[in-house]
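A short worksheet on the structure shown next.
Each value in this text was obtained by applying a stated rule to the coordinates, not by laboratory testing. On a predicted model such as this, the values are computed, not experimentally measured, just so you know. Here the Cβ positions follow ideal geometry from the backbone for every residue, glycine too, while neighbour counts run over all protein chains shown.
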Amino acid sequence: MSGITIRNIRKSFGATRVLHDVSLSIADGEFLTLLGPSGCGKSTLLRILAGLEVQDTGSIEIGGRVVDGVRPKRRDVAMVFQSYALYPHMSVAANIALPLRMRRLSRAQRLPLIGRWLPGSGPVISGIEMEVFRTAEALGIAHLLNRKPGQLSGGQRQRVAVGRAIVRHPAVFLMDEPLSNLDAKLRVQMRAEIKDLHRRLGVTFVYVTHDQAEAMTMSDRVVVMRDGEMLQVAPPQEIYADPNDIRVAEFLGSPK
Ligand code: ADP
Ligand code: MG
């Protein structure tokens, strides 16, 4: 059970109010997209869900638990950013393994992860090695585990970032414009991959984009945001067919 309830969230930076009393319920397993132009508060809301930013007022519930004041690592959420923030000096395997509890491993068990990827080169194949390999395999990057991020294409780096996020099996997956650094063709391909991932994992996705096509093709519901407010929350077809606000219609470029 990992729905999200957002209650009356307000957030200002200095004198600038960035989120005005935002409330929303997200169902367990839903793919929900925050759509809106740059500066409307999408990332701020996502960062508040992740615990990377603290709201001024209001409350967040994840999986039935109030998480206000709970540190990011203890929220059972994973986040993928636009800039992948991979460690350039570490292998793909090590980058994916990063969120796992490496401290529990012996040095011998850690070696295949921090050095050359060679499963079982320690005394036994550790659970972590299995997790890393399964994750990489699921994303089609198992053959790249020994490479460094600098030796990968943009799409491959993106998959590593996704791998690092899902390796811990989070209940909620937060993605902030994960495709915006990719070229158009790859972007379309990755949309399908992310949707496929959502189907397979069955976890709740909160996805942020300023790209209408992404929002409309991927989401169960779309939240159209503008200036720190939610203008409309509805399935894609409904937003197209029946925009409830002139600003939604304008943003979609359809007359009302
Ligand atoms: P979006 O992700 O929709 O582009 P953001 O949530 O990043 O929007 O930003 C919303 C507004 O808040 C913008 O005007 C931005 O400049 C401002 N903002 C975001 N983060 C900070 C911060 N840490 N300090 C000051 N202003 C910020
Ligand atoms: Mg943003």
Checklist entry - Can you give the Kirkwood hydrodynamic radius of segment 149-245 from its Cα pairs, in Å with one decimal? => result 14.6
Checklist entry - What do you get for Rg/Rh of segment 9-76 when both radii come from the Cα atoms and Rh is the Kirkwood radius? => result 0.95
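By how many nm would the segment from Ile246 to His143 lengthen if fully extended, with 0.36 nm per residue of separation less the alpha-carbon distance? Mind dumping the intermediate values first?
Details: separation 103, 0.36 × 103 = 37.08 nm, distance 4.96 nm.
Gain on extension, Ile246 to His143, equals 32.1 nm.
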Checklist entry - Do the sum for the chain: with -39,500 (n - 2.57) for every DSSP H run of n ≥ 4, divided by all residues, what is the mean residue ellipticity at 222 nm, to the nearest 500 deg cm²/dmol? => result -9500 deg cm²/dmol
Next on the checklist: Quick check: the angle from helix 184-201's long axis to the longest principal axis of the chain, C-alpha only, nearest 10 degrees?
Outcome noted: 80
Checklist outcome for this item: In order over segment 17-33: 3J(HN,Hα) from phi, Karplus 6.51/-1.76/1.60, θ = phi - 60°, whole Hz, x for each Gly or Pro, gives 7, 9, 10, 9, 6, 8, 10, 6, 10, 10, 6, 4, x, 6, 9, 10, 10
Checklist outcome for this item: Given unit charges at Cβ for Lys, Arg (+) and Asp, Glu (-), the dipole magnitude of the chain about its Cα centre in debye, nearest 20, is 1340
Next on the checklist: If I model segment 136-187 as equal point scatterers sitting on the Cα atoms and use the Debye formula, what is log10 I(q)/I(0) at q = 0.20 Å⁻¹?
Outcome noted: -0.77
Checklist entry - What is the helix-to-structure angle for 127-138, meaning the angle in degrees between its Cα long axis and the longest Cα principal axis of the chain, kept from 0 to 90 and rounded to the nearest 10? => result 60
Checklist entry - Per residue Cα convex hull volume for the chain, in cubic angstrom? => result 130
Checklist entry - Tell me, what is the percent relative contact order of segment 153-256, built from C-alpha pairs under 8 Å that lie six or more residues apart? => result 18
Item to check | Mean separation of Cα contacts under 8 Å (6+ apart) over length of the chain, as relative contact order % | outcome: 27
